[in-house]
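This report concerns only the one structure given below.
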Amino acid sequence: MIEIPSGLHKDVVSLAFLLGTWEGAGVYDFPGTEKCNFGQEIVFRHDGRPFLEFRSRTWVLDNEGNKVRPLESESGFWRVTANAHGTSGVREIEFSSVRDDGTVEIWYGELADGKPQIDLATDAVARIEGAPPYSGGKRLYGFVNNELMWVGEKSAPEVPLRPYMSAQLKKVLNPAKLIEDIADLPDDGIAFFR
């Protein structure tokens with residue numbers, strides 16, 4: 001079930017399925033780097049303006065699932081740039097992001113009509129001098145069985161576009177919301193929570 005929070009700007013209601021904190025794990029594999037399993041936390045927030053704020057942190061996991069070291073961090077903003085209300089088919093998405101390695105990206109794509117799925121591709125990439133080689137990418141995000149799944153493709157000057165990272169994430173429960181829900185419970189011996 002997708003919840004539409006109060007105060008969400010009308011232009012990003014179609015992205016409401018992304019809101020919240022998501023955690024899970026995935027696989028990273030790109031030529032010239034170490035293949036690994038990774039843990040991930042993604043946070044999508046809103047403050048009433050016509051965009052969602054995005055933050056992603058990943059870290060390398062050992063064979064037991066323990067954090068070994070940071071892998072990459074990314075932050076940015078998601079907007080619906082055309083057909084925000086879904087009245088004429090496809091809704092266009094814009095995502096601007098910056099990574100901790102000094103890469104800045106502008107992504108464009110679309111939200112599928114009638115289902116929570118987003119396809120994106122880079123339109124522009126800028127890198128600082130020390131950033132790793134990178135030419136562009138594609139991403140697919142989907143809300144499936146109450147989980148956020150995504151796969152990323154990447155290209156570099158010597159490597160054609162190929163899948164390199166994917167994850168399956170579950171929404172983290174918000175303690176404040178749990179407290180609200182407790183207030184609605186009948187008085188059946190748990191009154192000390194109130």
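In region 129-139, what residues are open to solvent by 60 Å² or more (accessible area, probe 1.4 Å) and within 23 Å of LEU19 (Cα to Cα)?
Within region 129-139, LYS138 is the sole residue that qualifies.
Has region 6-25 got at least one residue that is closer than 18 Å to GLY136 by Cα and open to solvent by 20 Å² or more (accessible area, probe 1.4 Å)?
Scanning region 6-25 turns up no residue that is closer than 18 Å to GLY136 by Cα and open to solvent by 20 Å² or more (accessible area, probe 1.4 Å).
Return yes or no: is GLY65 within 12 Å of the chain's Cα centre (by Cα) and under 20 Å from VAL172 (Cα atoms)?
Here the answer is no, as GLY65 does not meet what is asked.
Which one of these is modelled with pLDDT of 95 or more, in a strand (DSSP E or B), under 26 Å from the mean Cα position of the chain (by Cα) and farther than 20 Å from THR58 by Cβ: LEU169, LEU161, LEU140, LEU148?
Within the list LEU169, LEU161, LEU140, LEU148, the selection yields LEU161.
Might you let me know whether region 37-45 holds any residue that is open to solvent by 50 Å² or more (accessible area, probe 1.4 Å) and under 20 Å from the mean Cα position of the chain (by Cα)?
Yes, some residue in region 37-45 is open to solvent by 50 Å² or more (accessible area, probe 1.4 Å) and under 20 Å from the mean Cα position of the chain (by Cα).
If VAL144 meets every condition in (1) free of Cβ contacts under 8 Å to residues at least 12 places away in the same chain; (2) open to solvent by 70 Å² or more (accessible area, probe 1.4 Å) apart from one, which number is that one?
Only one criterion is unmet by VAL144, namely (2).
From the list ARG55, ARG49, which residue is farther than 20 Å from ASP113 by Cβ and in a loop (DSSP other than H, G, I, E, B)?
ARG49
The values are calculated or read from the model by the stated rules, or taken from the named source; none is laboratory data. Bear in mind that the values here come from a model prediction, so they are computed numbers and not experimental data. Note: ideal-geometry Cβ built from the backbone for every residue, glycine included; neighbour counts use all protein chains shown. Note: accessible area is taken over every heavy atom of the protein model, side chains too, but ligands, DNA and RNA are not part of it. Shrake-Rupley method; radii C 1.70, N 1.55, O 1.52, S 1.80 Å.
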